[in-house]
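The values are calculated or read from the model by the stated rules, or taken from the named source; none is laboratory data. Treat the numbers as computed from the prediction; the structure is a model and nothing was measured. Positions of Cβ are generated from backbone atoms using ideal geometry, with glycine treated the same way; all protein chains shown enter the neighbour counts. Surface accessibility is based on the protein's heavy atoms, side chains included, excluding ligands, DNA and RNA. Shrake-Rupley method; radii C 1.70, N 1.55, O 1.52, S 1.80 Å.
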Amino acid sequence: MSSEEQTTETKRGKVRRCLIDPLTESGFRKPGDMTRERFDKMLVTLSDELGYLRDSQLDTLRAMLATKGQGKAHDAWPRLATIRALAEVVAPRPIEEHPTIVSWFGSARGPQAVEEGTLVAEFLFLEKRKRPPLGPGDWRTVREKAAEWHRQELIVLDRLDRRVADDDDRQWLSWYRTAKARAEALLPKSEDAA
């Protein structure tokens, strides 16, 4: 493939080239209990969801899936849930790629988390668990982490002001600010920001 073709390849095309086409060529077929329409839709969903993976990660996933064929002959495509789970093992899907999670921060909850000072803690909770905080225990965990990280940020900023911060302080602050920037990028855009 020429470098020009590589620059114009879509994420969907990359998944087809690295995963779907090779598995199909190796003998994977549509499951017998699935309509052609539903199967084609599954492959499109798969292409969209796995677009975050690099070529080498798709190669790893392909090797893992090669032994997971379904049906009597073990040659039918595995279910989407199986493929998703294995993809998470290869490389967790970035939180920014989860529509449900993105909509969580894009709703009124995002600005509310900013106001409550829990934005980073909620973001990292969602990233780890792939779901929002549900019960009182989850929310307590989020609030405790938010308070702990707020205190840590103040300590590190004070150390930087006094020129006594060490590499660990700088590394922690960089990690925290990166997480905060990622979370803030998911917040709803202000109507008057133009």
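Of the candidates S190, S107, the single residue that is at pLDDT below 95, open to solvent by 60 Å² or more (accessible area, probe 1.4 Å) and not assigned by the TED database to the domain that holds A85 is S190.
Of Q57, Q112, Q70, all but one fail to be farther than 20 Å from K130 by Cβ and crowded, with 16+ Cβ neighbours inside 10 Å; the exception is Q70.
So if I check each of E144, E127, which one is over 30 Å from A63 (Cβ atoms) and of a type in the set (D, E, K, R)? So the residue among E144, E127 that is over 30 Å from A63 (Cβ atoms) and of a type in the set (D, E, K, R) is E144.
Here the condition is being surrounded by 15 or more Cβ atoms within 10 Å (Cβ to Cβ) and out of contact with any Ser or Thr (no Cβ under 8 Å at 6 or more places or on another chain); of A63, A76, it holds for A76 alone. Only one of L119, L160, L86, L124 is assigned by the TED database to the domain that holds L50, at pLDDT 90 or above and open to solvent by less than 80 Å² (accessible area, probe 1.4 Å); which? L86 is the lone residue from the list that is assigned by the TED database to the domain that holds L50, at pLDDT 90 or above and open to solvent by less than 80 Å² (accessible area, probe 1.4 Å).
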